[in-house]
Amino acid sequence: MPVRCGLTDDSHARKIFIPLAIFPKNVDYKQMKVGEQAIYLAQLKGLSRQEAKKRLTDWFERFEIMPWWNKKLEELSKGMQQKVQFVITVLHRPRLLIFDEPFSGFDPVNAELLKREILKLKDEGHTIIFSTHNMASVEEICDHIALINHSKVVLQGAVTDIRSRYKSNQYELTMQSSKPLQNSDAFEIVSSEVQDEQTVNYKLRKLTSISNSELLSLVGAQGEICKFTECIPSMNDIFIRTVEGKI
């Protein structure tokens, strides 16, 4: 049962109720077994013991951590503890989830496992606030971002819109080396590098407002294109440039 603190506001003749979370005293969590502790914390969040055990068993099997059920928390590595902590956090299916650097301490396999579960929660309609310095995770998971520097929001919006907004109109392409590519009124060559005896890598900058299809046609008229990619800045690049004041 939730505990509420009632404060009377005499000027408006109403009561304000503030939900409280209680952290009990004199509970030695490190000495408790993982399964016992997980059930205990789930019950604090309103689940019955039976329902908590059912959900925990499902999650533990999904994460392949059932052998940890009867281990003490202090016996687990940091990564193992974080796995259990993630399960306990999402167990009662809250509508709002806040994750702070959730992949810290995980190897790539377990980080990928956790990412899939977070995306699944997102698809199920949970609202997720994700705090991280890992910009690759931002691109993979987040729909919208707010970049904070020295306690101020310096950039915010949809991830796709932001990456598109800071495009530099540059393109990377690989062409057969039978004939060197030449500049035109529509584009200029930023750099070129011989890849092997048959191909050359180019970086181009578009100089006019022509579409990518039109640019591709102009370049293709000069030779055989093996690969064509638009250079869209990563969130990591945008993060650095924004913080350093280069945007």
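The values are calculated or read from the model by the stated rules, or taken from the named source; none is laboratory data. From a predicted model like this one, the values you see are computed outputs, not experimental measurements. Backbone-built Cβ (ideal geometry, glycine too); neighbour counts: all protein chains shown.
List of remarks:
- Every residue from the stretch 149-159 that is part of a strand (DSSP E or B) and touching a strand residue (DSSP E or B) at 6+ places or on another chain (Cβ under 7 Å): Val153, Val154, Leu155, Gln156, Gly157, Ala158
- Inter-residue pairs, beta-carbon under 6 Å, first within 30 Å of Lys179 (Cβ to Cβ) and in the stretch 223-247, second assigned to a loop (DSSP other than H, G, I, E, B) and of a type in the set (Lys, Arg), 6+ apart: Gly223/Lys179; Ile232/Lys167
Residue-by-condition table, conditions (1) modelled with pLDDT under 90; (2) under 30 Å from Val243 (Cα atoms); (3) assigned to a strand (DSSP E or B):
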residue	(1), (2), (3)
Tyr40	no, no, no
Ala52	no, no, no
Glu74	yes, no, no
Gly105	yes, yes, no
Phe130	yes, yes, yes
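- Taking the stretch 223-240 as the range and being within 15 Å of Ser164 (Cα to Cα) and not β-branched (Val, Ile, Thr) as the test, the residues that pass are Glu230, Cys231, Pro233, Ser234, Met235, Asn236, Asp237, Phe239.
- Out of Gln182, Gln170, sole residue that is out of contact with any helix residue (DSSP H, G or I) (no Cβ under 6 Å at 6 or more places or on another chain) and closer than 30 Å to Val243 by Cβ: Gln170
- Any hit, the stretch 161-178, residues being within 30 Å of Thr132 (Cα to Cα) and among the hydrophobic types (A, V, I, L, M, F, W, C): yes
- Residue count, the stretch 168-198 (criterion: under 25 Å from Ser234 (Cβ atoms) and either among the β-branched types (Val, Ile, Thr) or touching a residue at least 60 places away in the same chain (Cβ under 8 Å) (or both)): 6
- Filter result for the condition that a residue is aliphatic (A, V, I, L, M), assigned to a helix (DSSP H, G or I), more than 23 Å from Glu139 (Cβ to Cβ) and at pLDDT 90 or above, over Leu181, Leu204, Leu216: Leu216
- Among the candidates Ala136, Ala158, the residue that is of a type in the set (Gly, Ala, Ser) and modelled with pLDDT of 90 or more is uniquely Ala158.
- Residue in the stretch 80-92 that is touching a residue at least 24 places away in the same chain (Cβ under 8 Å), within 30 Å of Asp237 (Cα to Cα), touching a Gly at 6+ places or on another chain (Cβ under 7 Å) and not aliphatic (A, V, I, L, M) present: yes
- Among the residues of the stretch 91-120, those that are crowded, with 17+ Cβ neighbours inside 10 Å and in contact with a Leu (Cβ under 7 Å, 6 or more places away or on another chain) comprise Leu91, Leu97, Pro102, Phe103, Phe106.
- Within the stretch 160-191, the set of residues being exposed (fewer than 14 other Cβ atoms within 10 Å of the Cβ) and within 27 Å of the chain's Cα centre (by Cα) comprises Thr160, Asp161, Ser164, Arg165, Lys167, Ser168.
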